[in-house]
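To start, the structure itself, in structure tokens.
The values are calculated or read from the model by the stated rules, or taken from the named source; none is laboratory data. In this text the structure is predicted, and so the values were computed from the model without any measurement. With ideal geometry, Cβ positions are generated from the backbone for all residues, glycine too; neighbour counts draw on all protein chains shown. The protein model used for the area step is the full one, side chains on, heavy atoms only, and it has no ligands, DNA or RNA in it. Shrake-Rupley method; radii C 1.70, N 1.55, O 1.52, S 1.80 Å.
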Amino acid sequence: LVSFDYSQIELRILAHIANIKNLQNAFNDGHDIHSQTASEVFQVPIENLNPELRRQAKAINFGVIYGISAFGLANNLRIAREKAKNFIEKYFERYPEIKNYMDQTVIEAKEKGYVQTLFGRKIYTPNINSKGPAAGFAKRSAINAPIQGTAADIIKLAMIKIPKLLIENNLNAKLVLQVHDELLFEVEPDSLEITTKLVKKTMEDCVKLNVPLLVDIGIGDNWMETK
């Protein structure tokens, strides 16, 4: 079994869609994005970061995609809500493009009743004008949908190209499973090297963003061993 897993694809899409120059530069330069964020948010040189600051930055990076609240971040990091609120405020200070993207996406959803992926696929938001607790969920969903939806579009575009790739190169390999940002293949040993090379390239090149798409590969006799 060979696993091909897009690396941090939603953060890369966010950097592209929201046109976040700092994140784009970090991805293009091959920097560790969570260390970069920790350095930006907490104003600590990367070489002086400790693992805890990186862990906090990672939680913010992934949480912000889903519109995480101070309450949610506080629970994730097991810290006081006020401290979590301060982290999020600092994050938006360093990356104002993200806050702008979030605000504009919610406005668009309210005006049109839907949001769109990078490829124009519509995702409808029927509850966006709800009141009370449902309103918060609807807004978070609207913010996340273009990002997660674009990630889904990208992996489907790669999947469309792969069967022809396998046939043209006479490879003893077949796609058996897609799970979120991951494709899982059964590959005969004689086709392993060329299959990993060609599938990785196809997935990474299937769409051009302002940041590179990267694919991590795992190989094993069972799915657990590919992780």
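Residues in region 175-186 that are open to solvent by 30 Å² or more (accessible area, probe 1.4 Å) and either under 28 Å from Ile13 (Cβ atoms) or within 25 Å of the chain's Cα centre (by Cα) (or both): Leu175, Val176, Leu177, Gln178, Val179, His180, Asp181.
Applying the condition of being open to solvent by 70 Å² or more (accessible area, probe 1.4 Å) and in contact (Cβ under 8 Å) with a residue 12 or more places away in the chain to region 128-141 and asking which residue is farthest from Leu23 (Cα to Cα) yields Asn129. Residue count for region 187-208, restricted to those that are of a type outside the set (A, V, I, L, M), closer than 30 Å to Thr117 by Cα and open to solvent by less than 60 Å² (accessible area, probe 1.4 Å): 5.
Applying the criterion of being more than 18 Å from the chain's Cα centre (by Cα) and either under 28 Å from Ile33 (Cα atoms) or of a type in the set (Phe, Trp, Tyr) (or both) to the residues of region 101-119, the residue that is least open to solvent (accessible area, probe 1.4 Å) is Val106.
Of the residues that make up region 180-187, is at least one at pLDDT below 95 and among the aromatic types (Phe, Trp, Tyr)? Don't jump to the end; show me each part of the working.
Going through region 180-187, the residues at pLDDT below 95 turn out to be 180.
Those still in the list that are among the aromatic types (Phe, Trp, Tyr) too: none.
No.
Residues in region 148-165 that are among the small types (Gly, Ala, Ser) and touching an Asp or Glu at 6+ places or on another chain (Cβ under 7 Å): Ala151 alone.
Applying the selection to region 78-92, what residues are charged (D, E, K, R) and within 15 Å of Asn61 (Cβ to Cβ)? Talk me through it step by step, then tell me what you get.
Just the residues of region 78-92 that are charged (D, E, K, R), to begin with: 78, 81-83, 85, 89-90.
Lys90, the sole residue that qualifies.
Within region 209-218, does at least one residue satisfy the condition of being in contact with an Asp or Glu (Cβ under 9 Å, 6 or more places away or on another chain), assigned to a loop (DSSP other than H, G, I, E, B) and either open to solvent by 40 Å² or more (accessible area, probe 1.4 Å) or at pLDDT below 95 (or both)? Yes; the residues of region 209-218 include at least one that is in contact with an Asp or Glu (Cβ under 9 Å, 6 or more places away or on another chain), assigned to a loop (DSSP other than H, G, I, E, B) and either open to solvent by 40 Å² or more (accessible area, probe 1.4 Å) or at pLDDT below 95 (or both). Contact map, region 41-57: residues that are over 16 Å from Asn22 (Cβ atoms) paired with residues that are part of a loop (DSSP other than H, G, I, E, B), Cβ distance under 7 Å, separation 6+ or inter-chain. Pairs shown: Leu53/Val44.
What are the residues in region 23-58 that are assigned to a helix (DSSP H, G or I) and open to solvent by 60 Å² or more (accessible area, probe 1.4 Å), if any? Don't jump to the end; show me each part of the working.
Just the residues of region 23-58 that are assigned to a helix (DSSP H, G or I), to begin with: 23-28, 33-42, 46-48, 51-58.
Asn25, Asn28, Ile46, Glu47, Asn48, Pro51, Glu52, Arg54, Arg55, Lys58, listed by residue number.
Of the residues making up region 63-80, those that are in a helix (DSSP H, G or I), of a type in the set (A, V, I, L, M, F, W, C) and over 19 Å from the mean Cα position of the chain (by Cα) number 4.
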